Each structure stands twice: as C-alpha cells, then as structure tokens.
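The values are calculated or read from the model by the stated rules, or taken from the named source; none is laboratory data. Remember, predicted model here, so these are calculated numbers, not experimental data. Quick reminder, even Gly has a Cβ in these numbers, built from the backbone with ideal geometry, and neighbours come from all protein chains shown.
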Amino acid sequence: MTSTLDALILANKARLSALEGRLGYRFIDLRLLQRALAHSSFAFEQGKTAEHNEVLEFLGDAVLGLLVGHLLIERYPELREGELTRLRAAVVNEKHLAHLARQIELGEYLCLGKGEEASGGRAKPSILASAFEAVFGAVFEDGGFASARALAMALLTPDFDEHRQRFLTDDSKSLLQESLREKYHEEPVYRLEKEDGPAHHKHYTVSVLLRGEVLGVGEAGSKKEAEKKAAAESLAWLRQSAG
C-alpha cells in the first residue's frame, strides 16, 4: 500500500527538485524531505498521524544548535562562552529561522491542513521555523553531519557578522560590565559628555570610563543608545588590547 509520503513524492517531484536546488543538496531518500515539509495538521487530516515533521524538527533543533555553536567558535575564536551562547541563541531563534525559511521560500512547499492553510499557516513564523529545523534534521539523516554542516555554511553563516554586531551593540553594556568585573574587579562609569539639539531631536554623546580613563565614546539620538555604542566601542578596545 502506497503511503501518503510516497504519493506526495510522486505528485511533487518537480517541486521537491526545485527545493533541493534552493538548498544546494540532493536527497538520497526523498521521503525524508517530504516528511520535513508535512505539518502535523496535514498528517492528521490524512489519517497518517506518524507522517509529519515533528520528530525531524526535534532532531534538526539539536543539529542546528551543535552546528551553529561549532561554526561560531571557528569564526570568532576570541569570544567567550557566555558571548557565544547568547550569539548562538540569536542565530537559532524562531524569528531568525523563519526569516531564513522565507529566503528559500520554504512556505511554498509545505503540506498543511485545510484549517492551517486558511489561517495563513504558510507565513506563520512558528511553522516556518519548525519546518526549517525539520529540513536540517532530514539532511542530517540523509547525508550525515558533513552535509548538514555544508547547508549551515550556505544558509546561516552569511548572517553571522550582522548578528554579532547587533548582539554586541544590544548587549554591550552587560558584556562590558562582565568583562571589567572579571579583569579589573571594577564597574564601568558612564559620563554624559554632551547633549545637543531641540527637545524633539536630541543628540547625546556619552563616554565610558575605567579608573578615570576613557575606553570608548558613543553618539546617538537617545542617552541609552549612546551608552550602548560607547560600551560596544569599549569592548572592541578591550579585545584589541588583549590580543
């Protein structure tokens, strides 16, 4: 008896081939790819409750965590464990994985139940991110670690620098505080150097000091953002001086 997955493969060979082209990977077992695209709502409607992507999603989540951690260490050997942990979390969170899924138009290839289809499931971040993880699980099952790593290199590493810069800016104050406590047993001091402009369009200049010495300076339209930029500049100086 032909399974739902086998029937889908026969009906969708051209579409599956197109997705393989987007991934840059050809499956030995197309059932794995087709399963990765089958949402539970579709499987339940078909009466094939085991033929959906949740187990592959579970596997892909673990595979992505390992791969991204490994690739981040290779790219940024100077980062500490806490920084790597937070950066990895930013790379593999639902929002970013959904963004990556949209880049390869993964939503077009999903098999959804009628209710999920009607409610716009192809565009839901949770469904897209889960399917993206499931695809990684499928690639790992089909081609092993090397194939999954090659896919991660192609799809995830191009955004690493952008995420790192955003992460360093957004979390720069806490990272600087941790660094100075660890190295000097002291806290950073933020000093407002200048406040210019009318009330509706202020411009702030803030410096970070350690033992009276300026480590970095930041400018922005809010005091908070100026402090973040000053902290980020201070972190860059600390890394350079240590290195």
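Among the residues of region 6-32, those that are closer than 20 Å to E116 by Cβ and either part of a loop (DSSP other than H, G, I, E, B) or under 24 Å from the mean Cα position of the chain (by Cα) (or both) comprise N12, L19. No other residue among R80, R75, R26 is of a type in the set (K, R), at pLDDT 85 or above, more than 22 Å from G107 (Cβ to Cβ) and surrounded by fewer than 19 Cβ atoms within 10 Å (Cβ to Cβ) apart from R75. Which residues, counting only those in region 88-105, are within 11 Å of E133 (Cβ to Cβ) and assigned to a helix (DSSP H, G or I)? Of everything in region 88-105, those that are within 11 Å of E133 (Cβ to Cβ) and assigned to a helix (DSSP H, G or I) turn out to be E94, L97, A98, L100, A101. In region 1-23, which residue that is hydrophobic (A, V, I, L, M, F, W, C) and at pLDDT 90 or above is surrounded by the fewest Cβ atoms within 10 Å (Cβ to Cβ)? Step by step, filter region 1-23, then rank; the result is A14. Sub-8 Å Cβ pairs linking a first residue in region 19-48 that is of a type in the set (V, I, T) to a second residue that is modelled with pLDDT of 90 or more and crowded, with 21+ Cβ neighbours inside 10 Å, at least 6 apart or interchain, number zero. The residue pairs whose first member lies in region 118-142 and is modelled with pLDDT of 95 or more, whose second member is of a type in the set (F, W, Y), and whose beta carbons are closer than 7 Å, counting only pairs six or more residues apart or on different chains, are V139/Y25; D142/F27. When R75, R122, R86 are checked against the criterion of being under 30 Å from W237 (Cα atoms), more than 12 Å from the chain's Cα centre (by Cα) and among the basic types (K, R), R75 stands alone in meeting it.
Scanning region 29-49 for residues that are of a type in the set (S, T, N, Q) and either exposed (fewer than 14 other Cβ atoms within 10 Å of the Cβ) or closer than 19 Å to F145 by Cβ (or both) returns a single hit, T49. One residue stands out among those in region 136-191 that are part of a helix (DSSP H, G or I) and in contact with a strand residue (DSSP E or B) (Cβ under 8 Å, 6 or more places away or on another chain): the one that is surrounded by the most Cβ atoms within 10 Å (Cβ to Cβ), which is L176. I'd like the residue in region 192-209 that is farther than 11 Å from A226 by Cα and among the aliphatic types (A, V, I, L, M) and, out of all such residues, is surrounded by the most Cβ atoms within 10 Å (Cβ to Cβ). That would be L209.
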